[in-house]
Amino acid sequence: MSGSYLGMPAFPRAAAVSTRDGRLRANLTHATHTIRDKRARAVAELDDWAQLRAAGAAVKDRTLRHLDHYLELLEESVTAAGGRVHWATDAEEANRIVTRLVRETGEREVVKVKSMATQEIGLNEALAEAGIRAYETDLAELIVQLGDDLPSHILVPAIHRNRSEIRDIFRREMGSWGRPAPEGLSDSPAELAEAARLHLREKFLTAKVGISGANFMVAESGTLVVVESEGNGRMCLTLPETLISVVGIEKTVPTWQDLEIFLQLLPRSSTAERMNPYTTTWTGTTDGDGPRTFHLVLLDNGRTDTLADTVGRQALRCIRCSACLNVCPVYERAGGHAYGSPYPGPIGAILTPQLRGTEGSLEASLPYASSLCGACYEVCPVAIDIPEVLVHLRERVVEGGPVTRRGTRTVLKPARGHAAERAAMRAAAWAFDHPGALRGGMRLASRTRRLHPRRLPGPGRAWSDSRELPAVPAESFRDWWRRTRGERRPDKASGDHGASGEQRGGAK
């Protein structure tokens, strides 16, 4: 995976900068609270939401267990419908395939539907190096592109921008990409949307090549599905002569009946709508209707390795709804850029380290970018237990161990900088295995409590910089229990299990 933003520091350092940006935090707080409140109301309308959620998780798990079979079926179906299928092991191969396909058309401009997979592989940059200019047509992605920025949210990539910032970007940059912004453009949402519509219409009507991702791929028919709210996707998917879709292999669903589940789960969890305003499906090519040539690039890029992890593979259920971002207290304060990847928030904290590996400092820090409050699991429409995977990945970072990389089983060394943590955990494990030592240590801690500092020294300072150490009680729970309850033994003569025990306890 090439999707980590170049030069990004580890999450703690990036978050330390972003959390001091008052405007960013205000934008994020307003947007995430609005979205999650609407989502809660939309979900509450369905009495069988829990059953739908369980069904979505079950379909995803079944598909992942037999992914090889369904991918072969998908390839057969797409080919039979007139499309061509290409297999990409990694980002470099995917970019090479797409670049070649665009060059074969003779075009030097393409229009794009919003796509996480193409962000993941850095496709726009790869095309630019080949002299091909890609135009984002999703409104939020357009804002990001014109502002020479990076997406910070899965559903709303420009969530960190407010209306006045967007107006300034349109005024300043639109002219260099095509039709300039109207004179006197204000920050009214209607005027901003109209400016974007006029700017993009020229691209839609002249582009010969479209590039997309897909929300789902139906294996039984070879049908691809894109859901969206603006209509730009449908323009990109139907008007160009050539359509190239880059899709992660985990987006496969076996049948149309399975798809029906996700077309209920996704809109309510993402945009809080009962159904998406635009749901576009296409199956291969049809004479006189839509693109004349269709290419499907199936992207692995670490997904097979993730599939080999029995705990972490549940991340591949993700349908990119972004509900976990909108409830995450860490994301709300740090923003998406701090995660250093196209996949921000809780899902990014488990997906990026698995696709890329945990050897890099950024990737090793992401499993710790969470309070483990569990809110992300509660709202996930396919029941991904993100806290469980976070703890699993933390263990991998600290302890190392066996993992799969590019299909080969290997053993990771423990990450640097965690020696003190490993030593502390081993000491704790030893103490819990020796009750006498644990009891003695607790009594010693109680008797010396007045000498304890309120801040930790050395490596522990990072933890206590934002919190005080809890005060040690005057006695341990074990000692308190013995003092107040005593050793309750049944009285053989009377069969009394209560009073006599209390009396003996009080006399001790």
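The values are calculated or read from the model by the stated rules, or taken from the named source; none is laboratory data. As the structure is a prediction and not an experimental result, all values here were calculated from the model. In this analysis, Cβ positions are derived from the backbone assuming ideal geometry, glycine residues included, and neighbour counts consider all displayed protein chains. In case anyone asks, the SASA skips ligands and DNA or RNA and just uses the protein heavy atoms, side chains included. Shrake-Rupley method; radii C 1.70, N 1.55, O 1.52, S 1.80 Å.
List of remarks:
- Answer residue from the range 443-455, given it is open to solvent by 60 Å² or more (accessible area, probe 1.4 Å) and in contact (Cβ under 8 Å) with a residue 12 or more places away in the chain and is nearest to residue 400 (Cα to Cα) among those: 455
- Flag if residue 427 is open to solvent by 20 Å² or more (accessible area, probe 1.4 Å) and not charged (D, E, K, R): yes
- When residue 58 is tested against (1) surrounded by 14 or more Cβ atoms within 10 Å (Cβ to Cβ); (2) within 22 Å of residue 344 (Cα to Cα), exactly one condition is not met: (2).
- Residues of the range 34-51 satisfying the condition of being of a type outside the set (Phe, Trp, Tyr), surrounded by fewer than 20 Cβ atoms within 10 Å (Cβ to Cβ) and touching a Lys or Arg at 6+ places or on another chain (Cβ under 9 Å): 42, 43, 45, 46
- Some residue of the range 173-182 being in contact (Cβ under 8 Å) with a residue 40 or more places away in the chain, at positive phi and open to solvent by less than 50 Å² (accessible area, probe 1.4 Å): yes
- Tabulated pairs, the range 364-379, first more than 22 Å from residue 270 (Cβ to Cβ), second hydroxyl-bearing (Ser, Thr, Tyr) and modelled with pLDDT under 95, C-beta under 7 angstrom, 6+ apart or interchain: 364/358
- Comparison of 134, 80 shows that the only residue that is within 18 Å of residue 342 (Cβ to Cβ), at pLDDT 95 or above and over 22 Å from the mean Cα position of the chain (by Cα) is 134.
- Any chance residue 252 is within 26 Å of residue 51 (Cβ to Cβ), β-branched (Val, Ile, Thr) and in contact with a Leu (Cβ under 8 Å, 6 or more places away or on another chain): yes
A quick yes/no check of all residues on (1) modelled with pLDDT under 95; (2) more than 18 Å from the chain's Cα centre (by Cα); (3) outside any loop (DSSP other than H, G, I, E, B):
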| site | (1), (2), (3) |
| --- | --- |
| 281 | no, yes, yes |
| 294 | no, yes, yes |
| 297 | no, yes, yes |
| 301 | no, no, no |
| 315 | no, no, yes |
| 325 | no, no, yes |
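- Taking the conditions (1) within 18 Å of the chain's Cα centre (by Cα); (2) open to solvent by less than 30 Å² (accessible area, probe 1.4 Å) in turn, residue 12 satisfies each one other than (2).
- Set side by side, the residues 68, 61, 47 differ, and just one is modelled with pLDDT of 95 or more, part of a loop (DSSP other than H, G, I, E, B) and not aromatic (Phe, Trp, Tyr), which is 47.
So that you can scan it fast, the table gives a plain yes or no per residue for (1) small (Gly, Ala, Ser); (2) at pLDDT 90 or above; (3) out of contact with any strand residue (DSSP E or B) (no Cβ under 8 Å at 6 or more places or on another chain):
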site	(1), (2), (3)
372	no, yes, yes
383	yes, yes, yes
387	no, yes, yes
412	no, no, no
422	no, no, yes
429	yes, no, yes
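- Put simply, of 388, 399 the only residue that is surrounded by 14 or more Cβ atoms within 10 Å (Cβ to Cβ) and either at positive phi or within 20 Å of the chain's Cα centre (by Cα) (or both) is 388.
- Yes/no for residue 31 being part of a helix (DSSP H, G or I) and buried (at least 17 other Cβ atoms within 10 Å of the Cβ): yes
- Hits in the range 118-166 (condition: of a type in the set (Lys, Arg), surrounded by fewer than 19 Cβ atoms within 10 Å (Cβ to Cβ) and out of contact with any Lys or Arg (no Cβ under 9 Å at 6 or more places or on another chain)): 163
Conditions tested, residue by residue: (1) outside any loop (DSSP other than H, G, I, E, B); (2) among the hydroxyl-bearing types (Ser, Thr, Tyr); (3) farther than 16 Å from residue 9 by Cβ; (4) open to solvent by 20 Å² or more (accessible area, probe 1.4 Å).
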position: 338; (1), (2), (3), (4): yes, no, no, no
position: 343; (1), (2), (3), (4): no, yes, yes, no
position: 347; (1), (2), (3), (4): yes, no, yes, no
position: 350; (1), (2), (3), (4): yes, no, yes, no
position: 365; (1), (2), (3), (4): yes, yes, no, no
position: 373; (1), (2), (3), (4): no, no, yes, yes
position: 384; (1), (2), (3), (4): no, no, yes, no
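- Residue within the range 232-239 that is under 18 Å from residue 154 (Cα atoms), open to solvent by less than 40 Å² (accessible area, probe 1.4 Å) and either modelled with pLDDT under 95 or among the hydrophobic types (A, V, I, L, M, F, W, C) (or both) present: yes
- Restricting attention to the range 248-282, the residues being within 26 Å of residue 139 (Cα to Cα) and either aromatic (Phe, Trp, Tyr) or in contact with a strand residue (DSSP E or B) (Cβ under 6 Å, 6 or more places away or on another chain) (or both) number 9.
- Number of positions in the range 431-441 that are modelled with pLDDT under 90 and surrounded by 11 or more Cβ atoms within 10 Å (Cβ to Cβ): 6
- Scan of the range 74-89 for residues that are buried (at least 16 other Cβ atoms within 10 Å of the Cβ) and either among the aromatic types (Phe, Trp, Tyr) or in a loop (DSSP other than H, G, I, E, B) (or both), ordered by number: 81, 83
- First in the range 286-303 and without any contact (Cβ under 8 Å) to a residue 24 or more places away in the chain, second anywhere and surrounded by fewer than 19 Cβ atoms within 10 Å (Cβ to Cβ) and small (Gly, Ala, Ser), Cβ under 9 Å, 6 or more apart: none
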